[in-house]
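Data first, discussion second: the structure below is written as structure tokens.
The values are calculated or read from the model by the stated rules, or taken from the named source; none is laboratory data. Small disclaimer: the values here were computed from a predicted structure and weren't measured. FYI the Cβ positions are ideal-geometry reconstructions off the backbone, even for glycines, and counts take in every protein chain you see.
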Amino acid sequence: MAPIDTPSINMRALLYFDELVRTGSMRQAADNLDVAPTAVSRAIENLEGFFGAALFERHSRGVRLTPAGELLAERAGRTLREFDHVHRLIDDLRGLERGRVGLYASGAVVASLLAPALAAFSLAHPRLSYHVTIASAHEATEAVIDARADIAVTLFAGSLAGMKPHFRAGVVYDAVMAAGHPLAGAGSVSLAALAAEPLVMPDPSFAARRAMDAMFAADGLTVTPLFETSSLEVQRELVLTGAAIALLPAGTVERERRAGTMAVAPIAGGRGVATDVELCVAEGRQPSFAAACLLDFLKAFMAETMIAAPAG
């Protein structure tokens, strides 16, 4: 009996599919891949033959995923990233101490922790490169689990299946104000005094904001911030100009505090929002040489600059 002639799937077809999903345009995907549009079209036909289902609907402005295409897109990107990870591990076996490390981090830890750590680490490992994405704790942990990132440095992450913490340290959100603000000389600031001031806070989609609202609510206070922004830089600029007071970990404005342009005051009675900074990787995934080296360095750096908590 002759074998049944069935289509086969190949890595290039998945790469072309992934780029078409990202761009939504056959021509743009072809340009990005430096191939002819017909090559992308043939790759998609190969995949559609393999799965026995249409993956895209063609229309005048490009292409749109079908339900079957959405199902494949959800998994294809992760599959390709896992193959890239294996490629890096094979490079490690060959002794090629090079590569790229992807990090997702909370904006509140970048200036005070991640940037100086990366600056110091890069001097010892000049052949490595880094891609840092500022993201919420949820986005960071999802990126690590989905293999879009090697390492996550988060605040308000909580426990999540599939994540392995390597280091944990507690931080407290204090009141941060311009050095010339009337409250700058106070040893501490009450919640009632803060509620009467113009505040800049992250929007309610952030766990930090929800924790702040709960902190005020516990004292029967309802706060409507004058400014809402997810940008740490915007928060710092508004504080620096005296337009608002922010609630931030003191380390995020350490440079400004040393320069004498900002002041930090704890919340009276130790009432400030508290959380953990966590250094995490995906559970069960072997890190590449580059990621493993950086992970060890970050752990040591955080241990020197912060008070560690159990990370098991």
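Observations on the structure shown:
- Residue under evaluation LEU238, criteria (1) within 25 Å of VAL132 (Cβ to Cβ); (2) of a type outside the set (D, E, K, R); (3) in contact with a helix residue (DSSP H, G or I) (Cβ under 7 Å, 6 or more places away or on another chain), criterion not met: (3)
- Checklist (1) of a type in the set (Ser, Thr, Tyr); (2) surrounded by fewer than 16 Cβ atoms within 10 Å (Cβ to Cβ); (3) within 19 Å of the chain's Cα centre (by Cα) applied to THR229, failing item: (2)
- Residue under evaluation GLY77, criteria (1) within 29 Å of GLY284 (Cβ to Cβ); (2) under 24 Å from the mean Cα position of the chain (by Cα); (3) at pLDDT 75 or above, criterion not met: (3)
- Count - residues of region 260-289 that are part of a loop (DSSP other than H, G, I, E, B) and over 26 Å from LEU238 (Cα atoms): 6
- Boolean, GLY251 is assigned to a loop (DSSP other than H, G, I, E, B) and in contact (Cβ under 8 Å) with a residue 40 or more places away in the chain: no
- Residues that are closer than 19 Å to THR154 by Cα and among the β-branched types (Val, Ile, Thr) were ranked within region 261-309; the one that is surrounded by the fewest Cβ atoms within 10 Å (Cβ to Cβ) is ILE307.
Residues checked against (1) at pLDDT below 95; (2) more than 22 Å from the chain's Cα centre (by Cα); (3) among the aliphatic types (A, V, I, L, M); (4) buried (at least 17 other Cβ atoms within 10 Å of the Cβ):
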position: ASP219; (1), (2), (3), (4): yes, yes, no, no
position: THR224; (1), (2), (3), (4): yes, yes, no, no
position: ILE245; (1), (2), (3), (4): no, yes, yes, yes
position: VAL253; (1), (2), (3), (4): yes, no, yes, yes
position: GLU256; (1), (2), (3), (4): yes, yes, no, yes
position: ALA259; (1), (2), (3), (4): yes, yes, yes, no
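- When the criteria are applied in full, VAL281 fails the requirement of being at pLDDT 95 or above and of a type outside the set (D, E, K, R).
- Just one of the listed residues (LEU221, LEU247) is out of contact with any Asp or Glu (no Cβ under 6 Å at 6 or more places or on another chain) and within 24 Å of THR154 (Cβ to Cβ), and it is LEU247.
- Scan of region 42-65 for residues that are within 15 Å of ARG22 (Cα to Cα) and not charged (D, E, K, R), ordered by number: ILE44, LEU55, PHE56, GLY62, VAL63, LEU65
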